[in-house]
Amino acid sequence: MRRPSKSTLVSLAMIAAVLAGIVLTLLLSGSGRLNASDVVLPVIASAGLLLRERYPVAALIIVIAATGAYYPWASADGPLIALPLFALYTAADKGHLTAAIVAGAAALLGMGLGETGGVRHVDDGAFLMITGWVVAAIAFGGVTRNRRAYLMEARRHALDALRSKDEEARRRAGEERLRIARELHDVLGHNISMINVQAAAALHGLRKRPEDAETALRTIKDTSKETLRELRTTLGVLRQVDEDAPTAPADSLARVDALVEASGLKVRTELSGSLDALPTEVDLAAARIVREALTNVSRHSGTNEANLKISNRFGKIEICVEDDGPGASYDGGSGFGLTGMRERATVLGGTLEAGPRSEGGFRVLARLPAKGL
């Protein structure tokens with residue numbers, strides 16, 4: 001069963017109040033003589049008011065006509081005038097301002113003409129008061145319509161601004177992807193092409209002119225190092241973790257406290273030397289080694305405590321992670337375990353040693369060049 005709308009409920013409440021006022025007026029007047037107008041006209045006006053949402057102009061005409069006939073013909077002077085005022089407000093609120101003004105003016109004109117006879121039903125003060133009610137009802141309807149239109153326009157502008165902001169963010173992200181793609185294409189494409197040419201030259205002159213082959217191989221070595229530096233720098237930017245993510249701290253030695261906290265271990269930390277302003281590839285690799293070493297302790301050592309020492313001395317970054325647990329921190333060299341850590345160190349020209357300690361537990365010791373490749 002469909003529930004009545006809020007507007008219908010308001011109309012019903014208004015009709016009930018007006019009809020109750022008419023009945024009360026009849027009871028207080030003590031008049032036992034009722035005519036058909038006392039019943040039929042309020043019913044017609046009430047039925048017309050129920051049409052105000054779907055047919056506001058038609059409802060306005062019906063209500064004003066029934067009310068205009070009620071007061072000269074009915075025996076009781078009930079508060080039926082409230083219904084046309086409500087209909088005038090609705091017509092103006094629905095955008096039929098001209099129809100509301102014309103209907104209100106016609107009703108007032110008819111009332112004024114009706115008072116030109118020998119009998120006055122409404123004195124000048126009451127007529128002015130009713131005129132004020134009519135004007136106020138129409139004005140209030142127009143104001144509420146304009147306010148609603150303003151709020152809708154403001155909401156539309158806000159949605160458009162939000163949509164434009166999202167589109168701008170997507171456009172900038174697309175431009176950034178294209179820029180990175182161009183850089184990778186220009187730098188890596190050029191360097192790899194050079195490596196390919198020098199490798200072909202080295203193979204061709206390996207037996208006939210060894211000195212030329214050696215020069216080509218050195219060029220390959222230098223070019224590959226530069227290519228790897230560019231690649232790691234670009235990927236390091238792309239893999240930066242959102243600073244707001246509580247479970248994924250940014251991989252940087254400058255935030256070693258966050259890395260330790262994320263491990264869930266009780267870690268005794270010793271830091272020495274400057275760990276700021278490191279090359280991106282060194283900082284990223286060192287932080288990943290710290291994170292993976294602590295993860296191995298958490299998973300495999302059988303203890304929840306570890307020692308972490310990081311130092312920057314003599315151009316070397318040294319990382320040492322130790323535990324005294326009964327388990328083994330070696331994961332078989334798969335995934336991002338010891339093999340991954342060793343590869344990170346080797347790529348930068350560093351070393352990584354891992355194995356059981358003589359006094360028990362396990363040690364990971366990494367040494368990385370502070371200046372990178």
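Values for this structure:
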| read-out | value |
| --- | --- |
| Subset of segment 280-295 (residues that are within 17 Å of Arg363 (Cβ to Cβ) and open to solvent by 10 Å² or more (accessible area, probe 1.4 Å)) | Arg291, Glu292, Thr295 |
| Selection status of Leu26, open to solvent by less than 60 Å² (accessible area, probe 1.4 Å), part of a helix (DSSP H, G or I) and under 22 Å from Ala106 (Cα atoms) | no |
| Options Ala99, Ala107, Ala82; residue that is at pLDDT 85 or above, within 56 Å of the chain's Cα centre (by Cα) and farther than 24 Å from Leu19 by Cβ | Ala99 |
| Top-ranked residue of segment 311-329 - restricted to ones that are of a type in the set (Asp, Glu) and open to solvent by less than 70 Å² (accessible area, probe 1.4 Å), ranked as nearest to Leu352 (Cα to Cα) | Glu318 |
| Leu308 under 42 Å from the mean Cα position of the chain (by Cα), open to solvent by 30 Å² or more (accessible area, probe 1.4 Å) and modelled with pLDDT of 90 or more | no |
| Residue within segment 173-180 that is within 30 Å of Ala36 (Cβ to Cβ), part of a helix (DSSP H, G or I), open to solvent by less than 30 Å² (accessible area, probe 1.4 Å) and at pLDDT below 90 present | no |
| Test: residue in segment 260-269 that is among the charged types (D, E, K, R) and modelled with pLDDT under 85 | no |
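The values are calculated or read from the model by the stated rules, or taken from the named source; none is laboratory data. This one's a predicted model, so the numbers in the text were calculated from it and none came from an experiment. With ideal geometry, Cβ positions are generated from the backbone for all residues, glycine too; neighbour counts draw on all protein chains shown. Heads up: the accessible areas ignore ligands, DNA and RNA and are worked out on the full protein's heavy atoms, side chains in. Shrake-Rupley method; radii C 1.70, N 1.55, O 1.52, S 1.80 Å.
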